[in-house]
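The values are calculated or read from the model by the stated rules, or taken from the named source; none is laboratory data. On a predicted model such as this, the values are computed, not experimentally measured, just so you know. Because the Cβ atoms are built from the backbone with ideal geometry, glycine has one as well, and the counts that use them run over all protein chains shown.
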Amino acid sequence: MKIRSVSYIAVLLALLFFAGVSSAAESIRIGALFSVTGPPSFLGEPERNTAQMVVDEINKAGGIKGRPLELVVYDTSGDPTKAVQLATKLIKDDKVVAIIGPSTTGETMAVKPVTEKEQIPLISCAAGSKITDPVNPWTFKTAQNDTLAVARIFEYLQKRKLDKVAILSVSDGFGASGREQLKGQASKYGITLVVDDTFGPKDTDMTAQLTKIRGSEAQAIICWGTNPGPAVVAKNVRQLGIKLPLFMSHGVSSKKFIELAGEAAEGIILPSGRVIVADLLPASDAQKKSLMAYVQNYKHHYNVEGDHFGGHAWDAVMLLKKALEQGADTPASIRDQLEKISGFAGIGGVFGFSPTDHAGLTKDAFVLVEIKNRDWVLVD
Amino acid sequence: MDFSQQISQYILSGLATGAIYALIGLGFAIIYNSTGIINFAQGEFVMLGGMFGVYFHTVHNFNLAVALLLAILFAAVSGVLFERLAIRPLRRATPLGLVIITIGGSILVRGLAMLVWGKDTHALPTFSGDEPLSLAGATLLPQHMWIFALTVLLIVLSKLFFQFTITGKALRACAVNQRAAGLVGIDVRRMVMFSFLLASGMGALAGIIIAPLTMTSYDVGIMLGLKGFCAAIIGGMSNGLGTVLGGLILGVLEALGAGLISSGYKDAVTFIILLLILFLRPQGLFSRGESERV
């Protein structure tokens, strides 16, 4: 019997020893939900790539306080049900301390109750303003609200005394939300919407709507949608010889839009995150350093330009890093530290969270850009 | 800008869109008449035309005319392959079974296109510039002229073909009665294959000439296919003028509906017309009876 108890003690000691060793360099596990496949893969893929790139960089630099980060990524394929299952898996099986993502507003709204119940901080990469309005203690987000984009355009119009505006929005979630904001904020800037029309996401000809606008007394046109609809609108505007200034949403702030609309893109003005104009920004811009680092790194790793969507994931990981550097390591302490972050110049803007603001950005997160010679130019 | 100018813009835009629907609709009619099948994969050949066009022009840098011809050729060959692999082995299947197969085939083609070319939208350059032309108070692009011209040319050619060539007459014979056509020595199987070749080639042409205006991606085929189907139904599945008029009427009504009522109902207009025709005049607007399906 003696041998047995001795071996028990030996095993026990060994276990303690290993436990001690592993806790010294134990990794911090963070979860990520991105729709790498499925219709929103244009969001999820750059997000996954960026998150992995940033985590690798942090680890190469020695981790956070000597502890490496471990990123567990699951693909939701844009499906809210799947997102909820995978969130539960991240929390119960992988025991992550925080979750980044999901990529879309629908998925985020589905996951939110789960992370709140389990008390795990969630940093969403989706844009819908209802994610953080009303504020939920455990939910943060990094993508800019469309409220801010609308404010940027209206401010510009107000300055130029263009107060009769026609809006043309796509009939999907993005367009509907933008339309709501456009209608809601117009009166605040003394703007009347003289035409309010829509087009289908797959429509191939918008001359009918634009003819109506041409016949109205509108002084400017705002088109709210994502590719390819707005490119058709741009071409149709040119075809009809409409000379009114044309504004677009941040939904088309990518080179793809210029490629699709071609000549017709010239002169269009749109609000955009700073990523696409990183090299044009003055050195005094608070975000310049982050932006240049991100854009160059992404290009180096993946051979394509970094975009806004990847930027949302960059911000999410870096915000987490900041919270962890403040000594947080449990979900609750991470949450508390996130809420205290202020003046963090990321990709999407300068973040400053507070107990009443979990979106953390102001309308300065957007700059107005104009398309000239198939490239972006800053407008002020 | 006054109201009459608006109306003329709606009508001209509608005619341009309608011409495309007509081309696609003709494809439906040609296959229906020689086989009795409604080929729901027709829209995918339109997509293939556009995507092959983009592929040859932007990836392989062929000039536009060459890319156009190659795209039509490749799409037509795909049409023949589709007939050989999916339709012919099942010649004894019921018409309903064949219709389901064409739906399955369309999903397959769409999926393959997505895997090969990705999910992005692509644009082709216009054939002759972007300077708008003014016409009766409305403005159109040179590309619209190409659409009108090519549609008219194709319709005239196909009319001549069906009236005056042996193959065309054989196709018409198959349309009237396949068994009798077989008895007088017409190779019905070859005619069926030929009808797929014609239909997919026409669809591909439609896909290419609209790609500069509307852009193209792997999933444009569904909606265009349905609109073309609707045009063919309005025209009573005729190989000629009926379907062309059906397409034009559809295009104009759509544009007027979007402009005067609400753009939200644009697609609804199409399908309400489709249902009304199917309920009230299943033989089409212009035909008097079953026998005039040529």
Test: residue in segment B:227-244 that is outside any loop (DSSP other than H, G, I, E, B) and either charged (D, E, K, R) or within 14 Å of another protein chain (Cβ to nearest Cβ) (or both): yes
Filter result for the condition that a residue is of a type in the set (S, T, Y) and surrounded by fewer than 23 Cβ atoms within 10 Å (Cβ to Cβ), over A:T142, A:T104, A:T147, A:T108: A:T147
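Identify, please: which residue in segment B:248-274 is polar (S, T, N, Q) and assigned to a helix (DSSP H, G or I) and is, among those, nearest to the other protein chains (Cβ to nearest Cβ)?
To start, the set of residues in segment B:248-274 that are polar (S, T, N, Q) comprises B:262-263, B:270.
Now narrow it down to the ones that are assigned to a helix (DSSP H, G or I): B:263, B:270.
Working: B:S263: 5, B:T270: 12 Å.
Among those that are polar (S, T, N, Q) and assigned to a helix (DSSP H, G or I), it is B:S263.
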Selection within segment A:245-264 - more than 11 Å from every other protein chain (Cβ to nearest Cβ), under 20 Å from A:F309 (Cβ atoms) and free of Cβ contacts under 8 Å to residues at least 40 places away in the same chain: A:M248, A:V252
Hey, A:G267 touching a Lys or Arg at 6+ places or on another chain (Cβ under 8 Å) and more than 10 Å from chain B (Cβ to nearest Cβ) or not: yes
Test: residue in segment A:61-71 that is of a type in the set (G, A, S), farther than 23 Å from A:K322 by Cβ and more than 14 Å from chain B (Cβ to nearest Cβ): no
Single residue of segment B:125-163 satisfying the filter (crowded, with 19+ Cβ neighbours inside 10 Å and within 10 Å of chain A (Cβ to nearest Cβ)) that is farthest from B:G50 (Cα to Cα): B:A138
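For (1) surrounded by fewer than 17 Cβ atoms within 10 Å (Cβ to Cβ); (2) in the same structural domain as A:P121 (by TED's automatic domain parsing), each residue gets a yes or a no:
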| site | (1), (2) |
| --- | --- |
| A:Q337 | no, yes |
| A:F344 | no, yes |
| A:P355 | yes, yes |
| A:V367 | no, no |
| A:I371 | no, no |
Unmet requirement for A:R152, which otherwise passes all of (1) among the charged types (D, E, K, R); (2) at positive phi; (3) within 18 Å of the chain's Cα centre (by Cα): (2)
Any hit, segment A:258-276, residues being of a type in the set (K, R), on the phi < 0 side of the Ramachandran plot and not in a helix (DSSP H, G or I): yes
Extreme residue, surrounded by the most Cβ atoms within 10 Å (Cβ to Cβ), among residues of segment B:105-120 that are outside any helix (DSSP H, G or I) and of a type outside the set (G, A, S): B:D120
Number of the exception - B:R110 against (1) over 20 Å from B:M237 (Cβ atoms); (2) more than 14 Å from chain A (Cβ to nearest Cβ); (3) of a type outside the set (G, A, S): (2)
Boolean, B:A181 is farther than 30 Å from B:A16 by Cα and in a helix (DSSP H, G or I): yes
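So, in segment A:211-235, how many residues would count as being at the interface with chain B (Cβ under 9 Å from one of its Cβ atoms) and not charged (D, E, K, R)?
The total comes to 6.
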Failed item, numbered, when A:V237 is tested on (1) within 28 Å of the chain's Cα centre (by Cα); (2) closer than 18 Å to B:P212 by Cβ: (1)
Among (1) within 14 Å of chain B (Cβ to nearest Cβ); (2) assigned to a helix (DSSP H, G or I); (3) out of contact with any strand residue (DSSP E or B) (no Cβ under 7 Å at 6 or more places or on another chain) - the single one A:I242 does not satisfy: (2)
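Identify all residues within segment A:207-224 that are among the small types (G, A, S) and either outside any helix (DSSP H, G or I) or more than 28 Å from B:A206 (Cβ to Cβ) (or both); write none if there are none.
Taking segment A:207-224 and keeping what is among the small types (G, A, S), we get A:208, A:215-216, A:218, A:220.
Hits for segment A:207-224 are A:G215, A:S216, A:A218, A:A220.
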Which numbered condition A:K322 fails, given (1) closer than 22 Å to A:I153 by Cβ; (2) at pLDDT below 95; (3) in contact with a Phe, Trp or Tyr (Cβ under 7 Å, 6 or more places away or on another chain): (1)
Residue in segment A:201-219 that is surrounded by 18 or more Cβ atoms within 10 Å (Cβ to Cβ), of a type in the set (K, R) and more than 28 Å from B:K227 (Cβ to Cβ) present: no
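In this structure, does A:V170 turn out to be under 24 Å from A:D380 (Cβ atoms) and aliphatic (A, V, I, L, M)?
In short, no.
Assess whether A:T37 counts as being among the polar types (S, T, N, Q) and away from chain B (no Cβ under 14 Å).
Against the criterion (among the polar types (S, T, N, Q) and away from chain B (no Cβ under 14 Å)), A:T37 does not qualify.
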Condition broken by B:M215, with the remaining ones in (1) in contact with a Lys or Arg (Cβ under 8 Å, 6 or more places away or on another chain); (2) on the phi > 0 side of the Ramachandran plot; (3) at the interface with chain A (Cβ under 9 Å from one of its Cβ atoms) satisfied: (1)
A:D279 being outside the structural domain of A:Q52 (by TED's automatic domain parsing) and either over 19 Å from the mean Cα position of the chain (by Cα) or not in a helix (DSSP H, G or I) (or both): yes
Some residue of segment B:1-9 being farther than 25 Å from B:S128 by Cβ and aliphatic (A, V, I, L, M): yes
Residue match in segment A:76-84 (condition: crowded, with 16+ Cβ neighbours inside 10 Å, at pLDDT below 95 and within 20 Å of A:W314 (Cβ to Cβ)): yes
Matching entry among B:I222, B:I277, B:I273, B:I208 (being over 28 Å from B:L160 (Cα atoms), of a type in the set (V, I, T) and touching a residue at least 60 places away in the same chain (Cβ under 8 Å)): B:I222
Test: residue in segment A:18-40 that is modelled with pLDDT under 95, in a helix (DSSP H, G or I), in the same structural domain as A:T108 (by TED's automatic domain parsing) and under 21 Å from the mean Cα position of the chain (by Cα): no
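Suppose we keep only residues that are among the aliphatic types (A, V, I, L, M) and surrounded by fewer than 17 Cβ atoms within 10 Å (Cβ to Cβ) within segment B:178-196. Which one would you say is nearest to B:N39 (Cα to Cα)?
That would be B:A180.
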